[in-house]
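The values are calculated or read from the model by the stated rules, or taken from the named source; none is laboratory data. Keep in mind that this is a model prediction, so the values were computed, not measured. For neighbour counting, all protein chains shown are included, and Cβ atoms are generated from backbone atoms with ideal geometry for every residue, glycine included.
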Amino acid sequence: MLKRLRLITFALLIINSIKMNLHEYQGKEMLSSFGVRIQRGLVAQNPEEAVECAKKLTESTGTSWFVVKAQVHAGGRGKGGGVKLAKSLDEVKSISNDIIGMNLVTPQTSAEGKKVHQVLVAEDVYYPGESETSEFYMSVLLNRATGNNMIMYSTEGGMDIETVAEETPHLIHTIDIDPSTGILPFQARQVAFNLGLSGLAFKEMTKFVVSLYNAYDKSDSSLFEINPVLKTSDNKILAVDAKVTIDDNALFRHKDYLALRDFREENPIEVEANKAGLNYVDLDGNVGCMVNGAGLAMATMDLIKQSGGEPANFLDVGGTADAERVEIAFRIILRDPSVKAILVNIFGGIVRCDRVAQGIVDAYNNMKDSIHIPIIVRLQGTNADLAKKIIDNSGLDVQSAVEFEEAAQKVKEVLAS
């Protein structure tokens with residue numbers, strides 16, 4: 001039962017967490033447009049551009065040291081050598097040359113890492129002054145337990161928040177914000193107080209918190225994470241980093257954000273599926289799933305787990321499972337070498353089962369030479385009996401099932417063989 005609940009929860013998160021991640025420089029630009037003070041920087045595609053960016057920063061900010069940051073969709077870049085301090089223009093060029101083109105491996109990437117295509121050349125904000133600098137952690141996200149937005153913050157900035165939560169959970173604070181009212185002045189002051197600030201830094205932090213929340217709210221984002229938020233030696237509060245995730249479901253209100261998407265950073269199979277109108281998420285498993293409808297997808301993944309397998313993907317073909325879409329779905333699933341079997345589980349409500357069955361047969365015939373693994377098809381609903389006859393009489397190596405238990409047994413058998 002526990003495994004079932006975990007799987008259902010996971011599938012719900014997949015369905016409800018469709019998102020678009022931004023690079024740090026893009027996130028900072030968005031923050032700045034909402035009045036959030038940021039560490040200023042310019043993005044470069046090659047070492048020569050990086051040097052020109054550094055020169056422009058010197059002219060505009062007066063900085064003589066620079067931070068060169070790899071721009072990839074992953075945290076922990078510094079641990080992988082993707083964030084370095086340059087104390088001269090020659091070092092900017094040398095460091096940029098080392099970072100651009102490298103496969104950056106961090107705790108949030110695969111073992112192969114992510115290729116770096118560009119770097120952010122940013123001003124040095126850790127300059128000397130009368131008081132010490134301080135680093136904080138701050139994020140804005142949805143509190144699923146209460147249905148409110150939430151600001152999470154800590155005095156332990158610059159560290160992995162997961163480590164802080166595990167080792168010193170009392171140092172993490174949260175504050176719920178009613179989305180109908182937005183953030184209230186006393187809530188922003190509460191954040192600044194709990195971070196131990198006073199005087200000018202206290203006032204600056206309250207402004208920062210309000211602007212950050214407004215950026216999250218008005219951009220229809222699902223996450224704004226700033227780690228670290230820096231109190232400079234002259235008591236300015238600014239975002240030194242920015243992780244921003246935008247909810248895809250709100251992009252119709254922000255069509256300009258579409259231009260910010262970097263497909264090079266996304267799973268190429270998921271990108272291909274998205275362009276074909278398929279809802280697809282790549283998972284680590286050995287049984288490919290092809291379903292229609294989110295509820296049936298969750299049940300199918302659960303079925304695979306109970307049969308001793310692991311779902312290799314979440315793939316919802318939607319209500320128009322015709323031959324073309326089925327063939328695209330098959331090709332996408334088969335690109336995963338870990339897939340040992342495919343379970344097609346379609347409920348014929350809007351779409352008739354016999355049409356789906358014919359689509360499966362046509363797709364199979366079109367790519368017969370590419371299919372070398374067992375395929376189990378369960379079709380229920382309108383004209384399910386006709387669909388079973390089409391599958392059984394096709395002469396293809398496709399096994400049909402009627403009930404869930406029958407499909408589960410066939411999955412178990414093919415995995416054991």
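Of note:
- Sole exception among (1) in contact (Cβ under 8 Å) with a residue 60 or more places away in the chain; (2) surrounded by 21 or more Cβ atoms within 10 Å (Cβ to Cβ) for residue 205, by number: (1)
- Tally of residues being more than 29 Å from residue 313 (Cβ to Cβ) and touching a strand residue (DSSP E or B) at 6+ places or on another chain (Cβ under 8 Å) across the range 237-278: 6
- Residue match in the range 394-411 (condition: more than 19 Å from residue 287 (Cα to Cα), surrounded by 17 or more Cβ atoms within 10 Å (Cβ to Cβ) and modelled with pLDDT of 85 or more): yes
- From the list 96, 110, the one residue that fits, being over 22 Å from residue 162 (Cα atoms) and small (Gly, Ala, Ser), is 96.
- For residue 20: the one exception among (1) farther than 30 Å from residue 205 by Cβ; (2) modelled with pLDDT under 95: (1)
- Qualifying residues in the range 236-253 (those that are touching a Ser or Thr at 6+ places or on another chain (Cβ under 7 Å) and surrounded by fewer than 20 Cβ atoms within 10 Å (Cβ to Cβ)) - the one farthest from residue 135 (Cα to Cα): 247
- For the range 362-387, filtering for residues that are crowded, with 19+ Cβ neighbours inside 10 Å, within 35 Å of the chain's Cα centre (by Cα) and part of a helix (DSSP H, G or I) leaves 2.
- Counted residues, the range 70-114 - those being touching a Leu at 6+ places or on another chain (Cβ under 9 Å) and over 19 Å from residue 26 (Cβ atoms): 5
- Meets criteria (more than 19 Å from the chain's Cα centre (by Cα), within 25 Å of residue 155 (Cβ to Cβ) and surrounded by fewer than 17 Cβ atoms within 10 Å (Cβ to Cβ)) for residue 218: no
- Screening 80, 76 for residues that are at positive phi and at pLDDT below 95 leaves exactly one candidate, 76.
- Matching residues, the range 83-134, being under 20 Å from the mean Cα position of the chain (by Cα) and touching a residue at least 24 places away in the same chain (Cβ under 8 Å): 104, 105, 106, 107, 108, 109, 113, 114, 115, 116, 117, 118
- Checking each residue in the range 50-105 for being under 14 Å from residue 124 (Cα atoms), in a helix (DSSP H, G or I) and either of a type in the set (Val, Ile, Thr) or assigned by TED's automatic domain parsing to the domain that holds residue 23 (or both) picks out 58, 61, 92.
- Looking at the range 228-323, the strands (runs of 3 or more DSSP E) lying wholly inside it that each contain 2 or more residues that are more than 30 Å from residue 213 (Cα to Cα) sit at 279-282, 287-291, 313-316.
- Among the residues of the range 142-183, the ones that are assigned to a strand (DSSP E or B) and farther than 16 Å from residue 220 by Cα come to 8 in all.
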